[in-house]
1. From the list ARG54, ARG44, pick out the single residue that is loosely packed, with under 15 Cβ neighbours inside 10 Å and either closer than 14 Å to ILE85 by Cα or charged (D, E, K, R) (or both).
2. What about LEU70, is it at pLDDT 85 or above, under 24 Å from ASP6 (Cβ atoms), of a type outside the set (D, E, K, R) and in a helix (DSSP H, G or I)?
3. Please indicate, with yes or no, whether at least one residue in region 13-30 is in a helix (DSSP H, G or I), open to solvent by less than 50 Å² (accessible area, probe 1.4 Å) and modelled with pLDDT under 75.
4. Suppose we filter region 57-75 for residues that are open to solvent by less than 80 Å² (accessible area, probe 1.4 Å) and more than 17 Å from ARG12 (Cβ to Cβ); how many remain?
Amino acid sequence: MLYSTDLTHHERQAVTKLLLGELDKLGHDPAQLEFAEKRAANGRERVNHGRRLRDSYALGTTEREESDRLLVAVESLQSLLDAFIVACTSSLGN
């Protein structure tokens with residue numbers, strides 16, 4: 001859902017809040033941390049790819065605007081995943 005460019009800012013915040021609650025429940029399991037770390041590495045590649053793609057479009061074009069919206073969604077997901085990893089690491093005493 002968070003990859004969707006159709007979400008309003010309020011809807012994105014609501015979904016993120018629900019996800020954080022669910023992630024908190026999983027945050028005490030080392031296997032979940034390992035899974036999240038693998039996904040985070042993949043996510044960082046997506047963010048970088050999204051930036052390169054966005055930068056390939058001229059300013060002011062519809063393609064650039066759509067790429068900007070998508071990049072915001074991908075960066076939001078990555079931030080959420082990074083926050084989860086930090087929370088897991090601190091709860092496991094790492």
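The values are calculated or read from the model by the stated rules, or taken from the named source; none is laboratory data. Since the structure is predicted, the reported quantities are computational estimates derived from the model, not experimental observations. A quick note on method: Cβ atoms are made from the backbone with ideal geometry, for glycine too, and the neighbour counts reach across all protein chains shown. Heads up: the accessible areas ignore ligands, DNA and RNA and are worked out on the full protein's heavy atoms, side chains in. Shrake-Rupley method; radii C 1.70, N 1.55, O 1.52, S 1.80 Å.
1. ARG44 is the lone residue from the list that is loosely packed, with under 15 Cβ neighbours inside 10 Å and either closer than 14 Å to ILE85 by Cα or charged (D, E, K, R) (or both).
2. yes
3. Looking through region 13-30, at least one residue is in a helix (DSSP H, G or I), open to solvent by less than 50 Å² (accessible area, probe 1.4 Å) and modelled with pLDDT under 75.
4. Residues in region 57-75 being open to solvent by less than 80 Å² (accessible area, probe 1.4 Å) and more than 17 Å from ARG12 (Cβ to Cβ): 6 in total.
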